[in-house]
Each structure stands twice: as C-alpha cells, then as structure tokens.
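Read the figures in this text as sums done on the coordinates, not as results from a lab. The shown structure was predicted, so the numbers you read here are calculated from the model rather than taken from an experiment. As a convention, Cβ positions derive from the backbone with ideal geometry for all residues, glycine included, and neighbour counts pool all protein chains shown.
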Amino acid sequence: MKNPLSSFTTGSGFCARIQPMSKSKSEKKPRTVKKIDPKMWERIQGLRLMDDDFMTIVFSGDNKLTEFLLRILLDRTDLTVKQSLTQKEKHNIFGRSVRLDVLAVDTEGKQYNIEIQRADKGASERRARYNLSMIDSHSLQKNDDFSALPETYIIFITENDFYGKGEPTYVVNQIITTRKGEVLPFDNGVHTIYVNGAYKGKDAIGWLMHDFRESNADKMHYAEIAERVRFHKQEDGEVNTVCRAFEEYGKEKAAEARKEARVERNVEVAKKLLQDGSMSLERIADIADLPLEQVRKLAEQIQHQS
C-alpha cells in the first residue's frame, strides 16, 4: 500500500482550496461574563490552542472541528471523523500510562492521535513511539490477528521548529534498505508527522499555526476555529467550564505529584529490601505497595548492576 503522506505538499488538494476568513466575519463583540474572578478571566483570554489543556477543551467531542484540523494537516478531502475524544487515558498495568490530547477515528477505522507539545523534550521520537505502543496495545481483542491493527497517525504539533529546517511538516517514512542499496517500502500502517508550530508560511498550514499561536479569536484566519475559541472564552457557561477545568487540572496535577512522590519512595524501599536479600519478592511487593512485576524488574536491574 502506498503511504498516503509520501507525496504530502501544502500547495495541492485540500490545503490549496482553503482560504482564511475575512476580518468582517471574525469580529464579534464579546459578551459580559458574570461571576468570574478577574485574574482567572485574564488568564482565560490569554489561552491559545498551543496550550494543550485549552486545545483539548475546544476540540472535546467536536468531530467536525477535528475533521477540519486533520484535513488541513494531511491535505485530504476524503477524511470523515466519526469519533473524537480528548484527554483519553491509556492505562498500562506494567508501567507508565499516557493521557492523549486528542484521539480520533475516521469512517474507515483509521486512528489519529494529535498532541500539542510546547517543550521539545515532550516531542521526542521515543514519546511518539510510546504513544503508538499504548494505542496499539488497546486496539486488539484477545486472539485478534495482528493484521487487524488499524492504520494509525501520530501527529505532534510542536511550538518550536523541532527539526530546525523551516518546513511546515516533517513526515516520517519507514523504509527497508537491502545490502545492495535498494530501498523498499515498509508498510506497517504507522504514520508519524511533526507539525512546525512556528511555521509562518502564507499557506493552509501557516494560517493554521497562526491560529494555534493566537489568543484573540478576532485575529484568526479560520472561522471554524475562531468561532469555537470565542465560544469557550466569551459564553457564560463555557467560560465557567474552562474555569472548572483549570481547577480540576490543578487538583489532578497535585494528586499526580503526590502519587509520583509516593511511588518513588516505595521504589526506594523496595530497592533497599532487595539489596538486603532476606525477603521474598512477594513480601517486598506487599511491604512496598508495588506490583510484583515491578519488583521483579527492580530485582533484575539490581542483579545486572552488581
């Protein structure tokens, strides 16, 4: 199967037909929102789609907006999203779980993971690999054949130009190289794309990234995006929703920090008990409040280090 992104351009197909909206369509007087703390109001007005928490609120459950975004990023007109979820958590009983910014499925069963990464560290190639592995691990039922794995797109929108070449996108193409130097396609159904959030070209992706960097809906190019951003920043109920989301996010972050600190302490306890060598792995797992499998891995690490 030919990689649908192998000939990706920003000057043909869907992208070439998209034009930014006129200013007359974008301007709208903001509504007065009551009972909002002034500092919180100011903070909300400064939010951009490049802030992943706000982006997930704007795109939450919005199939059409997600479809609009994907059609621009992939330069396609034939893509129809049937389901779009935000902050979708993929659990891993053996290790680190992940929370995906946007996970969408189209009418052909293809999956799309869209992530906002403001820091370069969070956009590493291994992060993309891990996201894919967690999505794949939840894609098959017991006894399903591996051929049933859906085609999957991992799309990182990075605030900076991650690869520093000034390109709007960087498409990862997997290939096979023979000993004779032949290059063959390697089609495992995986497509990884890095989108340059700093790109300012006068084309569809340049306009899109402008809108992702812009906090003021009246200065955005695309009406589809501006209307949703304005809705969440100026409508009474929606601003309150954003406020609650921030409050909940703060509580979740604090809880996660406490949990991580607790796990780190428990791991240190387990390591000391393993080094002592007087207890069974099962007993150590019970005392340290860690999964037995994790204790086994710690024991292997200590053995390799000694």
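Before moving on, here are some points about what is shown:
- In order along region 44-60, the phi-based Karplus estimate (6.51 cos²θ - 1.76 cosθ + 1.60, θ = phi - 60°) of 3J(HN,Hα) comes to 5, 5, x, 6, 10, 5, 6, 8, 4, 5, 6, 4, 5, 5, 5, 8, 4 Hz; Gly and Pro are listed as x.
- By DSSP, the beta bridges lying fully in region 13-234 are antiparallel in about 60 percent of cases.
- For Asp289, Asp52, Asp203, order by how many other beta-carbon atoms lie within 10 Å, fewest first: Asp289, Asp203, Asp52
- For Leu100, Leu292, order by how many other beta-carbon atoms lie within 10 Å, fewest first: Leu292, Leu100
- One decimal place: the segment Arg265-Val172 gains 29.6 nm when fully extended, by the rule 0.36 nm per residue minus the C-alpha distance.
- Relative contact order (%) - criterion: Cα under 8 Å, at least six apart; region: region 13-234: 23 percent
- The residues packed around Leu292, meaning those with a beta-carbon under 11 Å from its beta-carbon, carry a net charge of 0 if Lys and Arg are +1 and Asp and Glu are -1.
- Relative contact order, whole percent, for region 259-305 stands at 37, derived from Cα pairs under 8 Å and 6 or more residues apart.
- Computed magnitude of the charge dipole of region 259-305 (debye, nearest 20; Cβ of K, R +1, Cβ of D, E -1): 80 debye
- Rounded, prolate or oblate (a/c below 1.5 giving rounded, otherwise prolate when a/b exceeds b/c) for region 77-184 by Cα gyration tensor: rounded
- Student exercise, region 13-234 dipole from Lys, Arg, Asp, Glu Cβ charges, in Debye to nearest 20: 820 debye
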